[in-house]
Amino acid sequence: MTKINNNSLSYDVAIHRIGRIWMSVALIVILAVPLAISIHFKVWPAAGPLLGGLLPIMMIYVPIGIIEVITFSPMLGSGATYLAFTTGNLTNLKVPCALNALEIADIEPGSSQGEIISTIAVATSSLVTNLVLIIGVLLFVQLTPLLASPLLKPAFENILPALFGALGYLYISKNWKLAVVPVTLMIIIFILVPTAPVGILIPVSALSAIAAARLMYKKNLI
Amino acid sequence: MYDYRNSAFMFLLGAIVALFVTVQSLVFLRTAWSEGKRQGLDAKKMRRSVISSAVFTLVPSLSILLTMLTLSGALGLALPWIRLSVIGAVTYELPAAEAAAQAAGASLAGAGVPLDVFSLIAWVMTLGIMSGPIFIIAYFKKLQGRVNKIKVEDNRWGTLLISAMFVGLISSFLGSALAGGLVSILTLLSSALIMVICIQLEQKAGIKLFKDFALPLSMVGAMALAILYAGLLGG
């Protein structure tokens, strides 16, 4: 296993090396799953349906995947990015989790200590989700009626407003000038197109926030 | 009848993937922890990050678990478990599985998909989400170098840039929630209000726990209120 040697490598260089190795192995492990299914059950997908299923998905998720890296990686830092993009669930879990940990620790995102805290947060979060899913597999019969009950449906349907209401207050109360343009823009877009996919609008919102921030910074308004 | 979807083989694959994710997370945790110690970061601060992150993760994880249970009707338990353990997301797995099933002229609505469709779905769900990791392996180091360069050249702007990205991310979800109907708006406002109360309790009463667990408390409180709002408003 690759270890960081502080005498020869800085943390930054080492974490990129470790991250790339783990991410490459992760890709192999992930690809091995459908491969193993096809070999074990002796069933290979025909090219036509495979392309038919992949094309609509890739048209949406290839740009989203790339945009997510560009948008989230400066917030998360190197170590957390490599791990979060292996374990998934970024917008609804890993990014808010890192933000929350940084807020509690009173550490600037993007700083060297921020890099440490966000990696710790994402690693812990990945371990807990993993554990919850394992418990879910083991207790499938008992948990299904509880989690899928009609009573709890509105709670799970509104998990994102419940998450981003609190997170929004935390960040917007501190950076309200930065928030005016993107919040207004997003409200207008969602009123005009209520079904607009949030994943595609995140970079639009981030770009509008960056443009507004740059303008205010140049004019000494921020 | 042999249920290939819930066979021992599929659960073995699931266990291997879960083990891989666990080991990788532990390696990154240990690496970050060692570097934190080297940088003189307070161990208490790092421990607080572990505890608060673990508690915060519980509720969103239940939502991920719910997606696993939803997909299990057609795909069995093991494949959704595998897919939700790596790279994927709640918002990706269902549309990807549906697109693959449709391409084969099948549907996820039934009790279980045939083996050939199951294999197709596994391939589509896996290949469709590869762009992010491949992009990271190829370009992330360069990208991070550029961000660091901005910070070195103008630290204040570099910090503002990252804050603007945060605010942009949050704004998109705020916009989505505010346009998502009355229950969604009330849930959003309730969550923000509970956060304000937690901050006040922490600052006025000096109870540190309210800072560490403000976000999970706000989330769970607002989700509980969403049940109430939906009951009252019929949403």
Residues of segment A:181-201 being surrounded by fewer than 20 Cβ atoms within 10 Å (Cβ to Cβ) and more than 7 Å from every other protein chain (Cβ to nearest Cβ), which ones?
A:Thr184, A:Ile188, A:Leu192, A:Val193, A:Thr195, A:Ala196, A:Pro197, A:Ile200
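Condition first: free of Cβ contacts under 8 Å to residues at least 24 places away in the same chain and closer than 17 Å to A:Thr91 by Cβ. Can you find one or more residues in segment A:192-201 that meet it? Step through it out loud before you land on a result.
Residues of segment A:192-201 that are free of Cβ contacts under 8 Å to residues at least 24 places away in the same chain, as a first pass: A:192-196, A:201.
This time we only want the ones that are closer than 17 Å to A:Thr91 by Cβ, so: A:196, A:201.
Scanning segment A:192-201 turns up at least one residue that is free of Cβ contacts under 8 Å to residues at least 24 places away in the same chain and closer than 17 Å to A:Thr91 by Cβ.
Within segment B:222-235, count every residue that is touching a residue at least 24 places away in the same chain (Cβ under 8 Å) and either open to solvent by 20 Å² or more (accessible area, probe 1.4 Å) or more than 24 Å from the chain's Cα centre (by Cα) (or both).
Kept after step one, since they are touching a residue at least 24 places away in the same chain (Cβ under 8 Å), are these residues of segment B:222-235: B:222-223, B:225-226, B:229-230, B:233, B:235.
Still in the running and either open to solvent by 20 Å² or more (accessible area, probe 1.4 Å) or more than 24 Å from the chain's Cα centre (by Cα) (or both): B:225, B:229-230, B:233, B:235.
The number of residues fulfilling the criteria is 5.
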Of all residues in segment B:97-130, which are among the β-branched types (Val, Ile, Thr) and not in a helix (DSSP H, G or I)?
B:Val113, B:Ile129
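Out of all the residues in segment A:144-171, which are part of a helix (DSSP H, G or I) and more than 7 Å from chain B (Cβ to nearest Cβ)? Break it down stepwise before answering.
Of the residues in segment A:144-171, the ones part of a helix (DSSP H, G or I) are A:144-147, A:153-157, A:159-171.
Selection gives A:Pro145, A:Leu146, A:Lys153, A:Glu157.
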Go through segment A:154-180 and report how many residues are closer than 16 Å to A:Ile222 by Cβ and either of a type outside the set (Val, Ile, Thr) or open to solvent by less than 50 Å² (accessible area, probe 1.4 Å) (or both).
9
Tell me yes or no: at least one residue of segment B:130-149 is closer than 24 Å to B:Ala89 by Cβ, of a type in the set (Gly, Ala, Ser), more than 7 Å from chain A (Cβ to nearest Cβ) and open to solvent by 50 Å² or more (accessible area, probe 1.4 Å).
yes
Residues (assigned to a helix (DSSP H, G or I), surrounded by fewer than 21 Cβ atoms within 10 Å (Cβ to Cβ) and more than 7 Å from chain A (Cβ to nearest Cβ)) located in segment B:181-201:
B:Leu182, B:Ile185, B:Leu193, B:Ile197, B:Ile199, B:Gln200, B:Leu201
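Is there a residue being over 30 Å from B:Ala78 (Cα atoms) and small (Gly, Ala, Ser) anywhere in segment B:21-35? First the steps, then the outcome.
Looking only at segment B:21-35, we keep the residues that are over 30 Å from B:Ala78 (Cα atoms), and these are B:31-35.
Narrowing the set further to residues that are small (Gly, Ala, Ser) leaves B:32, B:34.
So far as segment B:21-35 goes, yes, one or more of its residues are over 30 Å from B:Ala78 (Cα atoms) and small (Gly, Ala, Ser).
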Candidate set: segment A:90-128, residues that are at pLDDT below 90 and not in a helix (DSSP H, G or I); chosen: the one most open to solvent (accessible area, probe 1.4 Å):
A:Glu108
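Condition first: more than 22 Å from A:Ala98 (Cα to Cα) and surrounded by fewer than 18 Cβ atoms within 10 Å (Cβ to Cβ). Now tell me which residues in segment B:151-180 satisfy that.
Taking segment B:151-180 as the starting set, the residues that turn out to be more than 22 Å from A:Ala98 (Cα to Cα) are B:152-154, B:178-180.
Hits for segment B:151-180 are B:Val152, B:Glu153, B:Asp154.
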Checked B:Gly88, B:Gly40 against criteria (assigned to a loop (DSSP other than H, G, I, E, B) and surrounded by fewer than 19 Cβ atoms within 10 Å (Cβ to Cβ)); the one match is B:Gly40
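Tell me whether segment B:132-150 contains one or more residues that are in contact (Cβ under 8 Å) with a residue 24 or more places away in the chain and within 25 Å of the chain's Cα centre (by Cα).
Initially, segment B:132-150 is screened for residues in contact (Cβ under 8 Å) with a residue 24 or more places away in the chain, giving B:132-133.
Add one more test, that the residue is within 25 Å of the chain's Cα centre (by Cα), and what stays is B:132-133.
Scanning segment B:132-150 turns up at least one residue that is in contact (Cβ under 8 Å) with a residue 24 or more places away in the chain and within 25 Å of the chain's Cα centre (by Cα).
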Could you say whether any residue in segment A:59-74 is closer than 30 Å to B:Gly36 by Cβ, open to solvent by 40 Å² or more (accessible area, probe 1.4 Å) and among the hydroxyl-bearing types (Ser, Thr, Tyr)?
no
Please verify whether B:Lys204 is touching a Cys at 6+ places or on another chain (Cβ under 9 Å), of a type in the set (D, E, K, R) and assigned to a helix (DSSP H, G or I), treating the condition exactly as stated.
no
Identify the single condition in (1) among the β-branched types (Val, Ile, Thr); (2) at the interface with chain B (Cβ under 7 Å from one of its Cβ atoms); (3) crowded, with 16+ Cβ neighbours inside 10 Å that A:Val204 does not satisfy, given that it satisfies every other one.
(2)
Could you give me the residue pairs with C-beta distances under 7 Å whose first residue belongs to segment B:1-20 and is touching a residue at least 24 places away in the same chain (Cβ under 8 Å) and facing chain A (nearest Cβ under 9 Å), whose second residue is outside any helix (DSSP H, G or I) and open to solvent by less than 30 Å² (accessible area, probe 1.4 Å) wherever it lies, and which are 6+ apart or on separate chains?
B:Met10/B:Gly76; B:Val17/B:Val86
Does any residue of segment B:205-214 turn out to be surrounded by 18 or more Cβ atoms within 10 Å (Cβ to Cβ) and either touching a residue at least 60 places away in the same chain (Cβ under 8 Å) or assigned by TED's automatic domain parsing to the domain that holds B:Val50 (or both)?
yes
Exactly one condition in (1) open to solvent by less than 10 Å² (accessible area, probe 1.4 Å); (2) facing chain A (nearest Cβ under 9 Å); (3) assigned to a helix (DSSP H, G or I) is false for B:Ala74; which is it?
(2)
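The values are calculated or read from the model by the stated rules, or taken from the named source; none is laboratory data. Values in this document were obtained by computation on a predicted structure and should not be read as measured data. We place every Cβ from the backbone using ideal geometry, glycine too, and count neighbours over all the protein chains shown. Accessible surface is based on the protein model in full, side chains and every heavy atom, while ligands, DNA and RNA are left aside. Shrake-Rupley method; radii C 1.70, N 1.55, O 1.52, S 1.80 Å.
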